[in-house]
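We did not get these values from a lab; they are worked out from the coordinates using the rules stated. Computed from a predicted structure; not experimentally measured. FYI the Cβ positions are ideal-geometry reconstructions off the backbone, even for glycines, and counts take in every protein chain you see.
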Amino acid sequence: MERSPEPAHWREGALWLQLELPPRGSAELELAVEPLVDGRRIACTSRRLFGQPEAPLERLRADLADEMPRLTSSNATVVKTWETATCDLASLPYGLPDGPATPSAGLPLYLQFFGRDSLTIGWQTLMATPTLLRDSLVANAAWRGRRIDDWLDEEPGKMIHQARGGPLSVLGIDPFTRYYGDWATPPDFLIMLGQYLAWTGDRETIRSLLPAARDALDWCERYGDPDGDGFLEYDTRSPKGVKNQGWKDSGDAVVDEHGAIVPNPIATSELQAYWYAGLQQAALVFAATGDVGYAAQLLGKARDLRRRFNDVFWMPELGAYALGLDPDKRQIRSIGSNDGHLLASGIVPPKRGRAVAARLMQPDMFSGWGIRTLSGDHPAFNPFSYHLGSVWPVEQATIAFGFARYGCWDELHRLAEAVFASTDLFIENRLPEVISGVQRDGEHPHPGIYPDSCEPQGWSASAIVMLVQSLLAMVPVAPLGLLVVDPHLPGWLPDLRLEGLRVGSAHLDIEFHRTRSGRTTYRVLRRDGWVRVVRQSPPQARGAGLAGRAWSALTSAIRS
């Protein structure tokens, strides 16, 4: 280590020291910080070199960064956005030094545990790393409700909304030290459990979480549907709890077609979609762990829910689904982004799904930067609101997943271009929590940011990973050693390579290329472990019949 030829000194608010380095030489700075108490020095008992991940939390973050696949492409915006997003995701875990890799929601406002946020971040990031979802599932299971407590909106089996350590919560002025006011997290837990199994094949972790899965299923049927009509409808018991407890949880998020706030209880459309997908994913989990009879029961419930939902929520004259059902079971006839969550879940019939995708991309919904939370034609529309017309990057990724599921490639390409173009407007291509729903045009070259948006935001970073996965229509089946793809790269992204992709215990490098005809081909460059890559259209895409899927699978098997 080079020594400074003269002592360091403090001048003009900065630490000054002189170093002499030979050509191509290097130096290390060792800095010891010692506090002064009443003028006396308190000796520092430990030292560490700057840049060395010696602390356990730093090692965890470094390990996460190493897990992330490397993405390369001729599109520099996509590459830079990926690098920033994966770096942010690796840096967001917090808590006890030896604790799990549970991501905080966002900085600077949400450095705390949010159940749904952690699960969403983990799910959208699965293509890059399974660690965040694994640890989020474990944490959510540990935090699940154990008793009935009206102040906390807690019930047995209900998953937590948030755990906050601020002074108002600690003093008991608000209930957020351990608050359960969220109807989305229990079915989300079931969905993410199935998705984790699909990517990892980790039956050991899955088996340890089965009691929490049964509790979540029991809560949905017993407490989540208090009137027994088969739909989840939320309400708030805590006098200082959260009013709206679906995906859009701000107080004014759910409005009728005239702009009036809808009173509770409310059965929002996306909650039914989550419940449907949760039943299906839970069925896969229980079947994979040996309880085939229970899995069959869950699939039957999912089929029944899908039928009833499409009968009750569909608005044929508007070409969209109702935002929800009000306390009198009447349709809330507002057009919003919730329909994109329905596509992601698969609850929409295939022919109707393509119409729903087209509706989401109409000018009143698509701003050019993303899909608005509420139609621009709605009386309550406000582009700078939290949920009444703003654009959420995390939601764009969920909708993109839905577009890919239904083979809506044109809509997917327009939406992905909008999101990646918006990243160029921000430092290091880092998307904030929320941007406005102002229309993208010559007079508005920048959408503006919702006031107090977090940056970095965990699920804005995870959205980038999910967008790439959707463009590749990548679906893993790790227990069978399969990776199913149906890549559709747009003209502005003609090539893409992923190095270090993980499916189960296998690792592979895979390259995608858009040909002059517009078709996207792929080539496996490296494969370590047991995994076969198969090309197959998504089951709800146009023309994805049994024969077509079998032919795609056969030709892929021959090539790979």
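Of note:
- R0 of 51 Å, Cβ-Cβ distance LEU171-THR289: FRET efficiency to nearest 0.05: 0.70
- Take every pair of alpha-carbon atoms less than 8 Å apart whose residues are at least six positions apart; their mean separation over the length of the chain yields a relative contact order of 13 percent.
- Peptides 73-79, 391-397, 514-520 ranked from most to least packed give 391-397, 73-79, 514-520, packing being the mean of other C-beta atoms within 10 angstrom over each peptide's residues.
- Shown is the FRET efficiency for ARG519 and VAL79, computed with R0 = 22 Å from the Cβ-Cβ distance and rounded to the nearest 0.05: 0.45.
- Pair SER26, ALA260: separation of 7 Å Cα→Cβ label points (nm): 7.0
- Among (i) 51, 28, 21; (ii) 39, 30, 25; (iii) 43, 34, 22, the entry that matches semi-axes √(5λ) of the Cα gyration tensor in Å as calculated here: (ii)
- For segment 258-359, the equivalent ellipsoid derived from the alpha-carbon gyration tensor has semi-axes of 28, 16, 10 Å in decreasing order.
- C-alpha center-to-center spacing [segment 73-141, segment 371-450] in angstrom: 21
- Put simply, when 118-128, 340-350 are sorted by average Cβ atoms within 10 angstrom per residue, most first, you get 118-128, 340-350.
- Highest mean first, the peptides 471-479, 379-387 sorted by other C-beta atoms within 10 Å per residue fall in the order 471-479, 379-387.
- Summarising the strand pairing of the chain, around 90 percent of its internal DSSP beta bridges are antiparallel.
- Taken about its Cα centre, segment 79-217 carries a charge dipole of about 240 debye when Lys and Arg each add +1 at the Cβ and Asp and Glu each add -1 at the Cβ.
- Cα long-axis angle, helix 185-200 against the chain (0 to 90 degrees, to the nearest 10): 70
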